[in-house]
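Only one structure is covered here, and it is reproduced in the block below.
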Amino acid sequence: MDLSSVVIQTTPFEGQKPGTSGLRKKVKVFMEKNYTENFIQCILNALGSKLQGCTLVVGGDGRYFTKQAINIIIRIAAANEVAKLIIGHLGIFSTPAVSSLIRTHKVLGGIVLTASHNPGGIRNDFGIKVNIDNGGPAPDSVTDAIYEETKKIKEYKFTPKLETDRLIDNMGTHTYKVDGRDFVVEIIDPTTDYVNLMKQIFDFQKLRDLIRGTDKRPPFNVLIDSMNGVTGVYVRKIFVEELGAHPDNNVTRIVPLDNFGEIHPDPNLTYAKDLVDKVKDNPTYDFGAAFDGDGDRNMIIGKNAFFVTPSDSLAVLANNLECIPYFKNHGIHGFARSMPTAAAVDRVAKKLGMEMFEVPTGWKYFGNLMDAGRLSLCGEESFGTGSDHIREKDGIWAVLAWLSVIEHKKMSVEEILKEHWSIYGRNYFTRYDYEECDSDAANQMMTHLEKLIASSDFVGKTYTASKKSYTIEKADNFSYVDPIDKSVAKNQGIRILFSDGSRLIYRLSGTGSSGATIRLYIDSYEKENVFTDAQVMLKPLVDVGLEISQLKKFTGRDAPTVIT
Ligand code: G16
């Protein structure tokens, strides 16, 4: 049957500006009449002339509203002359898997349905993000173009009679005629391409021997926690089926749920407490790892829940890449981190003579450097780690990388960290998050900081807390010039740098769906004193950070929601 598209009149919605990583709002907002339709049409409009005849990858973490959103995308894409959609079975793709598929199939891009680590379910968050042809998140130029479209949209195109009901429930290829053109929807297994990629990167036989044990070595007892998010399907394939992990003892919460079982699928010490407690309570566990809803974040802990900060995780991997076959084959071309991430990796880069980049918060800022062949490994304090194998951060990759290091060094997580600090010194790091603050109050606090750092006597001032004094050497609002395309990103976070190398950074999160989340990042470097508890070590600097920002006065908050 030849289907016809129609044009539907609409009006713009306010606030469809993509944040750090896509548009994230409450599900009920996406459910408003035409809200999702408008945004999808604007994405396609922003792709311009490349859209006609293109192929797009579509899928997400399976959270509530994924299926409805996919049905809308299919009908709008068909009407807009897209030639083909590659969609995950049941709508499931992890964010790293989408990135991989875009690259494997060499297609124009993808639409990822996720609000990442934000809670899901009908009362919580949904999100839509766009990836471009290198597999990475759309850069500012593309998201700005989408936002401009959302402010002026008057109509969207739709194919009302294209039957989408249960389409994603079965794998296979479906071909339609829409306005006389062929339109193809291919429903694929979400894991095949990604598992193949991981097999090319890592030595699966060695990892299997590590997890199962050999004649010479006892099994290395892992607990991998998918937090009811999308990684469950990949964890089953990779850890259970390929690497021989025990389905009851070595993996947990591996069935993706559309509300993540009412938990906050964010792998940190607060929201992944379940994993932390299990590893603490059971001394036979050597290792624990958790992922977020869409599978791009990771948290690593060792025996007795010894916590590895993401900044340290990045530095340790940078120091040990030779035990991962991918890097032997592809070489190592440079490292990068986001600005608030502690500079532990910088010291490794210096020792190895590697180029090192500091970019704003957001994985999208790494893409150009990777495409230019100048960046192999990067990470962010927000539990993101990855390499140039794709253009997204990759939780499962990070865990396989850690297991490769452990297999190679034959040391525990804690031993590896302690050895690293003994060689390089230690960047103590913590982040205080104040979630769902009043937006006006948070903005006022940032304005106060802007004024303060601009005042003529700020640099040189000394603040004291718990008998420790810190003298301000420099203060600014971070801006970045992309070394490849020279694009400029301004106002990326207020930095206060002290004469002893310590740093305080203040940012408003760009991933929340309501109110404002204030992030206070605290970082200090010690060459000798490397074995103190980080919270104890950083307490005076935290107090200075709170004094400078007057956070309590502006927000009324006594304590952070999350400390990592
Ligand atoms: C996204 C971005 C990351 C960023 C993180 C936190 O992660 O991809 O690059 O570090 O948000 O951003 P913010 O501090 O603005 O909340 P995800 O996992 O949410 O996609």
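The values are calculated or read from the model by the stated rules, or taken from the named source; none is laboratory data. Model, not experiment: these values are computed from the prediction. Cβ placement follows ideal geometry from the backbone for every residue including glycine, while neighbour counts extend to all protein chains displayed.
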Fill in: Unique match (being assigned to a helix (DSSP H, G or I), acidic (D, E), surrounded by fewer than 20 Cβ atoms within 10 Å (Cβ to Cβ) and in contact (Cβ under 8 Å) with a residue 40 or more places away in the chain) among D274, D312
D274
Worksheet item: For segment 19-66, what are the residues that are within 16 Å of the ligand (Cβ to nearest atom), part of a loop (DSSP other than H, G, I, E, B) and either modelled with pLDDT of 95 or more or touching a strand residue (DSSP E or B) at 6+ places or on another chain (Cβ under 7 Å) (or both)?
Response: S21, D61, G62, R63
Discussion item. Can you say whether K328 is within 16 Å of the ligand (Cβ to nearest atom) and either buried (at least 20 other Cβ atoms within 10 Å of the Cβ) or within 25 Å of A97 (Cα to Cα) (or both), as far as the supplied structure shows?
Written reply: no
Practice prompt. Would you please name the residue that is farthest from K237 (Cα to Cα), looking only at residues in segment 165-223 that are outside any helix (DSSP H, G or I) and touching a Pro at 6+ places or on another chain (Cβ under 8 Å)?
Written response: G213
Discussion item. Can you tell me which residue is farthest from the ligand (Cβ to nearest atom) among those in segment 355-365 that are closer than 24 Å to I300 by Cβ and more than 12 Å from the chain's Cα centre (by Cα)?
Written reply: M356
Worksheet entry | Odd one out for E392 among (1) under 19 Å from G295 (Cα atoms); (2) away from the ligand (no atom under 16 Å from the Cβ); (3) in contact with a strand residue (DSSP E or B) (Cβ under 7 Å, 6 or more places away or on another chain) | (2)
Practice prompt. Determine whether N259 is under 30 Å from E355 (Cβ atoms) and in contact (Cβ under 8 Å) with a residue 12 or more places away in the chain.
Written response: no
Worksheet item: Applying the selection to segment 243-271, what residues are surrounded by fewer than 19 Cβ atoms within 10 Å (Cβ to Cβ), over 18 Å from the mean Cα position of the chain (by Cα) and assigned to a loop (DSSP other than H, G, I, E, B)?
Response: G244, H246, P247, D248, N249, V255, D258, N259
Discussion item. Quick test for you: out of T191, T173, pick the one residue that is closer than 23 Å to S100 by Cα, among the β-branched types (V, I, T) and free of Cβ contacts under 8 Å to residues at least 60 places away in the same chain.
Written reply: T173
Practice prompt. Examine segment 399-410 for a residue that is within 16 Å of the ligand (Cβ to nearest atom) and in contact (Cβ under 8 Å) with a residue 12 or more places away in the chain, and state whether such a residue exists.
Written response: yes
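Please work out if T284 is modelled with pLDDT of 95 or more and outside any strand (DSSP E or B).
So T284 passes the test.
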Worksheet item: If you go through segment 518-531 one residue at a time, do you hit one that is closer than 14 Å to E381 by Cβ, within 14 Å of the ligand (Cβ to nearest atom) and β-branched (V, I, T)?
Response: no
